Structures are given as structure tokens and as C-alpha cells.
Amino acid sequence: MSDKVIGVGVIGCGEIAQLMHLPFIQELPAFRVAALCDISPGVLAKLGDQYAVSALYSDYRALLADPAVDAVAICTYDHGEIVAAALAAGKHVLVEKPLAFTPEEARPLVEQAEASGLVALVGYMKLYDPGYETGLKKIAAIGTPRSIQIHDFAGRFDRYGALYTQHRASDIPPDVMATARAAAAQRIDAALGPDHAGYRDHYLLLLMLGSHDLAVLRGAFGTEAHVAYARPVGSDQLLALLEFPGGVPCYLDIGVAKYEWWDEFLHVHGDTDEVRITFQNPYWKHASAFVTVKEAVGEAPVETVLPGTPDTAFRREWLHFADCILNGATPRTPLSGGLADLDLAVAIIKAMPAKG
Ligand SMILES: NC(=O)c1ccc[n+]([C@@H]2O[C@H](COP(=O)([O-])OP(=O)(O)OC[C@H]3O[C@@H](n4cnc5c(N)ncnc54)[C@H](O)[C@@H]3O)[C@@H](O)[C@H]2O)c1
């Protein structure tokens, strides 16, 4: 591996940047925190002190003009425009999910990234989880599935505050984020069309929570999923029935629950065996997914649990980013996957009864 240290500019220094990305950028020898950008002056000042960084920017364009920045981590609310500008400025990109709010915004980004020769990854960290990797091997070993279930009921998000020290912004004028949300909402409504724009919240649920699960499915079974059925379930839950080639059915069940635990799994029923990958709370470090295999040994049913190694998916994502930049490794979560997930999310919403 090259001994060049990659200067990273972090754009959007909120929760996920503080909990996961910044600590790993600082810890891993391949990287250094070169610059920070946030619209909150208070957060910028605190993190500048914490990470001993003096290149602090309130405008991402100024960060992109900084020659000390080789790569960016994009952790804002609205990503598409920043991805385009970062690639145009010649920076490698790790963009948090979702890649953009609509397929229309994402499609040119995929083309731009492919033409640029730069490394561009979507931050689907679950695909780097060692338990997921083990699970994929077990799933491949059971042959064509009879049925698939992917289930993600996020637990209480307000519990993470106690796990980490975090600097929260209290100095952003309220209309700034409201304007950003309204602008995204307009683009989303246009992408869903007049008959389905009434499902904007369910679409956002798919993007903010469910895009991880669409990526997990895609990593296991590819992109050829057809949407046979989809319904909203209340205001913060949805159910869809997808069909993979050969008519393999897949139940997709996404919602926000008030559980004190995280409840997310991919379960694959084969002809003689079953495999389940159980994902851990994404905000926990050193807690990878574990895999449960049910199979027959002779005529005896045997259930085996394979714990993942005590690694952190986000850390492995950053190691892979370094491998791509320094050694030319092939990106495992390229922007094209982020676009495929947006296309499927729109197709799921459009399979619901009309609601303008
Ligand atoms: N991979 C995961 O599991 C995971 C988990 C949480 C969040 N995320 C993603 O990360 C992103 C950020 O989420 P979060 O929970 O950290 O949100 P957050 O609101 O805590 O942080 C966002 C930060 O971006 C700043 N910001 C907003 N617009 C900006 C702009 N134009 N320029 C500079 N800074 C700007 C805000 O001030 C804030 O500090 C979202 O896209 C979310 O989907 C991913």
C-alpha cells in the first residue's frame, strides 16, 4: 500500500459524522482530517478544537477548493449537488446514503463518477459488515431460495445520545433546514408523480432507513427485483412483495418502532436449509451482524450461530475507501448501486394505490 496520507474534508459534521466517520478518519493511518464544513459555526468550532483542524468552512465550495482535501465524506441532508461539485473538483467521494433524493438526480452522478476516474462510494456500511459477508456465503450455499424476508424495524433513535459525546447545532436559523427540506420535497414529489406524491413520507422512510435493506438485498440477489405489491402501513411503516428472477418472493417490511432494541434481519428459506443474517444496532461499534443457519445433519435438525468478528462496519468501509484510492481496488458500493436502490424505492411507492 502507498504511504500517502489521504486528506479528508468532512461536509456535514452532525451525528453520523461525529459518531462514526470522524473517529475512523482520525484513527486510520491512511487518512487525516484535513478540513471540516458545516453550516453551524458552533459545531465547526467545537470539532475544529477536538480534531485540531484549522481549515473550517461554512460553504462546501470553499472546502472543495482547498488543495489539502483529497477526498470528501458527505454527511449533510441533501447530497446530490455536493457529490457533483466534489467530483468536478477532482475529489474522491464517500457519500452517506441515500446517494440523492431521486433517480433523476442520481443518474448523472453515476455517469460523472464513472467518467472521472475518481473513487466514489455510497456509505452502505452494512455491506462491509463481516457478518453480512459470512451470511452471503451461507446464502449462496443453499441454492435458489424458496422465499426471502427482509425486515427492518428501527428501534428508538433517542437512545444513542447517551452512548457518545456529541456537539449538536443550536445556531442554525430554523428556516435554513426548512428550506432545504422543502426543496428536496419538491424534487421527490416530481419523481413520484401526481398520483403518488402523497406517499412522500413513506418514500423518505425507504430512503433514510430502508435503503440499507434494498442494498443488502441487492448485494445478495442482484438488481432484477420486480415489485408485485406494496402498501403503506400507517404513517411510519410499509410492506412490499418483491419478486426476484424465477418468481422468488421477497417480503420487505420496513418501519420505525419504539423498541429498546434494533430489529433488522435478512432471512432466506432454501429447500432444505435456512439462513438468517441479524444486523446489530448501526450506532454500536465492534458489534457485527451474526448469522443463524438451520440445516439437517443426517436426519437431525441443527441450528448454528456464527458470530461476526468484533469489527465495525463503518471502519471497514473506510479501509475499503483507502484500498480503492491507494491500490485501485474495485469499489464495492459504487454510485450505481445507490441509483438502483432509488429506482426500486420509486417503483415500490408507485406500486401503492394512488394518493396524490
Ligand atoms: N449509514 C448510516 O447508518 C447512517 C446513519 C445516520 C445518518 N446517515 C446519513 O447521514 C446523513 C446525515 O445524517 P445525520 O444523522 O448525521 O444528520 P445530522 O442532522 O445530525 O447532521 C447533518 C449535519 O449537516 C449539516 N449541514 C446541513 N446542510 C449542510 C450544508 N449544505 N453544508 C454543510 N453542512 C450542512 C448540519 O448542520 C448538520 O450538522 C444523512 O444523509 C443520513 O441519511 C447514515
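So, with +1 on the Cβ of K and R and -1 on the Cβ of D and E, and no other charges, what is the size of the charge dipole of region 6-122 about its Cα centre, to the nearest 20 debye?
220 debye
Using only the alpha-carbon atoms of the chain as identical scatterers, what base-10 log of I(q)/I(0) does the Debye formula give at q = 0.06, 0.13 Å⁻¹?
-0.22, -1.07
Quick one: helix 174-192 against the long Cα principal axis of the chain, what's the angle to the nearest 10°, folded into 0 to 90?
Roughly 40 degrees between the two axes.
Around V93, which amide H atoms from residues at least 5 apart in sequence, or from another chain, sit under 5 Å from its own amide H, with H modelled in the peptide plane?
Here the answer is V72, V119, A120, L121, since their amide H atoms fall under 5 Å of that of V93.
Which is the longest part of the chain that has none of the GluC sites (Glu not before Pro) sitting in a DSSP loop with at most 16 other Cβ atoms within 10 Å?
My reading of the result: 1-223 is the longest stretch.
How much mean residue ellipticity at 222 nm does the chain get from its helices, if each DSSP H run of length 4 or more adds -39500 (n - 2.57) and you divide by all residues, to the nearest 500 deg cm²/dmol?
That calculation yields -10500 deg cm²/dmol at 222 nm.
According to the Kirkwood expression over distinct Cα-Cα pairs, how big is the hydrodynamic radius of region 6-122, in Å?
So the Kirkwood estimate lands at 14.0 Å.
If you take the charge dipole of region 6-122 about its Cα centre, with +1 on Lys and Arg Cβ and -1 on Asp and Glu Cβ, which of A73, L47, V119 is farthest toward its positive end?
Checking the options against the dipole of region 6-122, the answer is L47.
Largest first and to the nearest Å, give the Cα extent of region 153-304 along each principal axis.
Between the extreme Cα coordinates on each principal axis of region 153-304 lie 66, 43, 25 Å.
Over the Cα atoms of region 98-140, compute the convex hull volume and normalise it per residue, giving Å³.
109 Å³
Only four residue types carry charge here, +1 at the Cβ of Lys and Arg and -1 at the Cβ of Asp and Glu. Report the dipole size of the chain about the Cα centre in Debye, rounded to the nearest 20.
Values: 28 positive and 43 negative charges, 44 e Å.
For the chain, the charge dipole is close to 220 debye.
Helix 313-327 versus the longest principal axis of the chain: what angle, 0 to 90°, nearest 10, using Cα atoms?
70 degrees
Which of the chymotrypsin sites (Phe, Trp or Tyr not before Pro) found in region 232-282 are in a DSSP loop and have at most 13 neighbouring Cβ atoms, other than their own, within 10 Å?
Here the chymotrypsin sites (Phe, Trp or Tyr not before Pro) that fit, given the DSSP loop and packing criteria, are Y259, W261.
Heavy atoms only, probe 1.4 Å: what % of the accessible area of the chain goes to carbon and sulfur, would you let me know?
Result for the chain: 54 percent of the exposed heavy-atom area is carbon or sulfur.
Which of rounded, prolate, oblate describes region 259-317, given a ≥ b ≥ c as roots of the alpha-carbon gyration tensor eigenvalues and a/c under 1.5 marking rounded, otherwise prolate only if a/b is larger than b/c?
In terms of gyration-tensor shape, prolate.
Send over a whole-number figure in Å² for the accessible area per residue of the chain, probe 1.4 Å. Working shown, then result.
Working: 15330 Å² over 356 residues.
Accessible surface, normalised per residue, equals 43 Å².
Seen from all sides and averaged, what is the projected area of the convex hull of the Cα atoms in region 208-296, in nm²? List each step's numbers first, then the result.
Numbers: hull surface 28.7 nm².
About 7.2 nm², averaged over all directions.
The values are calculated or read from the model by the stated rules, or taken from the named source; none is laboratory data. Computed from a predicted structure; not experimentally measured. Virtual Cβ from ideal backbone geometry, glycine too; neighbours counted across all protein chains shown. Just the protein is used for accessible areas: all its heavy atoms, side chains included, with ligands, DNA and RNA removed. Shrake-Rupley method; radii C 1.70, N 1.55, O 1.52, S 1.80 Å.
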